[in-house]
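Report on the following structure.
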Amino acid sequence: MLRKSHPAAGQEAARRRLWTALEATAEYPLPATARAAGWSIRELHRRARVLLGQGPAAQRRRDRLDRAALELLAGRASVLQIALSSGFQSHEAFTRAFRRRFGLAPSAFRRRPLAARPPGLRLGFAFAAHVESSSSSPNPQLPS
């Protein structure tokens, strides 16, 4: 059982375990993520809320949008290609989610210089790039 009074080291270990499971099973349903972390689905949701401030599905959506933002800035792929590669079913759904997350349409975001973005967004991109580069680390056992 997770209590808010856990020592910082234990909480950091749980956070790493959660991030590893979320990254390793990004293409799998949440029950697979829970199994990869060694938790029940309820425990996965509870720990995600405590450690990340949101549920695992919301965190996955946020990660997909952050990676899409990086692709918008770094590549020449169309917004539709990025939307589909990010797991969205349509350009419209992607644009709505992207606007909620970043306050701009994807095409406007692409045109805006990085220095003009709020510092939190620049920090988020640095973190997303770090997560992307560290995703080559060994993944936990995925369910069959």
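The values are calculated or read from the model by the stated rules, or taken from the named source; none is laboratory data. On a predicted model such as this, the values are computed, not experimentally measured, just so you know. All Cβ positions, glycine included, derive from the backbone under ideal geometry; neighbour counts span all protein chains shown.
Listing for the model above:
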item: Test: residue in the stretch 35-47 that is more than 30 Å from Ala14 (Cα to Cα) and among the aromatic types (Phe, Trp, Tyr); result: no
item: Subset of the stretch 43-78 (residues that are out of contact with any helix residue (DSSP H, G or I) (no Cβ under 6 Å at 6 or more places or on another chain), surrounded by 17 or more Cβ atoms within 10 Å (Cβ to Cβ) and acidic (Asp, Glu)); result: Asp63
item: All helices (runs of 4 or more DSSP H) inside the stretch 78-144 with 3 or more residues being touching a His at 6+ places or on another chain (Cβ under 8 Å), under 21 Å from Gln59 (Cβ atoms) and at pLDDT below 50; result: none
item: Candidate set: the stretch 79-106, residues that are surrounded by 13 or more Cβ atoms within 10 Å (Cβ to Cβ) and of a type in the set (Ser, Thr, Tyr); chosen: the one nearest to Glu23 (Cα to Cα); result: Ser86
item: Breaking point among (1) under 15 Å from the mean Cα position of the chain (by Cα); (2) loosely packed, with under 13 Cβ neighbours inside 10 Å, for Ala13; result: (1)
item: Residue within the stretch 20-42 that is outside any helix (DSSP H, G or I) and buried (at least 21 other Cβ atoms within 10 Å of the Cβ) present; result: yes
